[in-house]
Amino acid sequence: MSDLMRITSRDAFAEVLAEARAHTRALDPSRWPVLQSIATQLEFMARTTARGRIPHPDDRTRTNLGPLGLREFGELDPEYADALGELDYTFARYHLLPPGPAVMRRGILQVWSGRESYHKLILEPGVPRTVGTARADFVVYADAGGSPHFQIVWDGVCAHVQALDPHRITVDGEPCFVGELANRGWMTAGRTSFRFLVEDYTPPPGPVTPSEAGLAALAQLRVPCDAGTLYAVVDAARSERALQLIEESVDPYASLFDGERGRAFDDVAPYLVHLRSDSRLLERVVHEGWGDAWGVFLVSKKPLEAVRRHLRQFLMVEVEGEADRVFFRFYDPRVLKSLEPVFSREQRAALLRALDAVYYESSDTLAVLAAG
């Protein structure tokens, strides 16, 4: 197969399959038993994937077009051999292919345990990367006496991992030397757990029709996003989809809750996200979440960890007449809208100390809280 795959979705599978069947017919299978076997297998693939079907696991192991094509056509017709190999590979993993047209998505290896939780290694298709405690592309829990633990390469459908001696890994709970990771797969290396995700893998639950207010907000927010200074605080308690979007993104993020006790509330935590200009996360959050109070947007030139430390000060606040500190949902635009008119100058200055501005939805407009 070629380094970069054409088949990264079910529509792309159908397209390459149709081309391979046409090419096989043009070569006239009646003259060559090998071509008859190829034609039969291609017809089997077409039948078992017709009308949106996902082939049964047993069916997905019944083809051998990859080695057959390489042996018979590797030198004679390498493009045809590549197509057969890619069809064979993706047919075995058909259930992992997202619906719709082909999109070259990036892979995301995310640290999931310990103090470096949420750190991400972004994987471009076909580019191998090493991970370890030292002398690796992605160093996790740096140790001067450490070493690379494994190599990972994302091909557009699966991530392939291989342990580097003397280390071993587990993939989806199974000890191994080599393995594959699909979207939301898990692995461990040493004492560190990792989660693997695919960028923009899960489509929205229904059609998304951007509102005029959302489009106007997006245009306004795009300016700081392109400048690299736009953050969002996304409230997972408002929507499972909101958390799903930031997880399946290349954008750096972290929970505002801290420690192991905080991890117990992962499903409902507020998450700080640094929005990247080369990501579609801003567009998806605005289009899908506008009007549902998913969170607020912040502008700051400070790094993510500094913004996170600043915002954590406001999770619990003192309220006159209350004996104990109370939880402050400053990242809920409805709360911010009600409190902004009564903020004192000192309160406004405290909130904005590490920020240039806070944007939040207010009726059909994007309101802004800024210094001065």
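Arg106 meets the stated requirement of being among the basic types (Lys, Arg), buried (at least 16 other Cβ atoms within 10 Å of the Cβ) and either under 18 Å from the mean Cα position of the chain (by Cα) or not assigned by TED's automatic domain parsing to the domain that holds Thr192 (or both). Taking Tyr80, is it over 20 Å from Ala18 (Cβ atoms) and in contact with a Ser or Thr (Cβ under 9 Å, 6 or more places away or on another chain)? Considered against the rule, which asks whether it is over 20 Å from Ala18 (Cβ atoms) and in contact with a Ser or Thr (Cβ under 9 Å, 6 or more places away or on another chain), Tyr80 comes out as no. Looking only at residues of the stretch 332-367 that are among the hydroxyl-bearing types (Ser, Thr, Tyr) and closer than 14 Å to Ala213 by Cβ, we find that the one that is surrounded by the fewest Cβ atoms within 10 Å (Cβ to Cβ) is Ser363. Going by the conditions given, is Ser277 among the hydroxyl-bearing types (Ser, Thr, Tyr) and either touching an Asp or Glu at 6+ places or on another chain (Cβ under 6 Å) or modelled with pLDDT under 90 (or both)? So Ser277 passes the test.
A single entry from Glu305, Glu283, Glu320 fulfils the requirement of being among the charged types (D, E, K, R), out of contact with any Asp or Glu (no Cβ under 7 Å at 6 or more places or on another chain) and at pLDDT below 90: Glu320. Elements of the type helices (runs of 4 or more DSSP H) sitting completely within the stretch 273-372 and holding at least 1 residues that are touching a helix residue (DSSP H, G or I) at 6+ places or on another chain (Cβ under 6 Å): these cover 281-289. Residues that are part of a loop (DSSP other than H, G, I, E, B), touching a strand residue (DSSP E or B) at 6+ places or on another chain (Cβ under 9 Å), loosely packed, with under 14 Cβ neighbours inside 10 Å and not aromatic (Phe, Trp, Tyr) do not occur anywhere in the stretch 253-270. Checking each residue in the stretch 141-195 for being in a strand (DSSP E or B) and small (Gly, Ala, Ser) picks out Ala159, Ala163, Gly179, Gly185, Ala189, Ser193.
Just one of (1) over 30 Å from Asp364 (Cα atoms); (2) in the same structural domain as Pro303 (by TED's automatic domain parsing); (3) modelled with pLDDT of 95 or more; (4) charged (D, E, K, R) fails for Asp258. It is (3).
The values are calculated or read from the model by the stated rules, or taken from the named source; none is laboratory data. Computed from a predicted structure; not experimentally measured. Don't worry about glycine lacking a Cβ; one is built from the backbone with ideal geometry, like all the others, and counts go over all protein chains shown.
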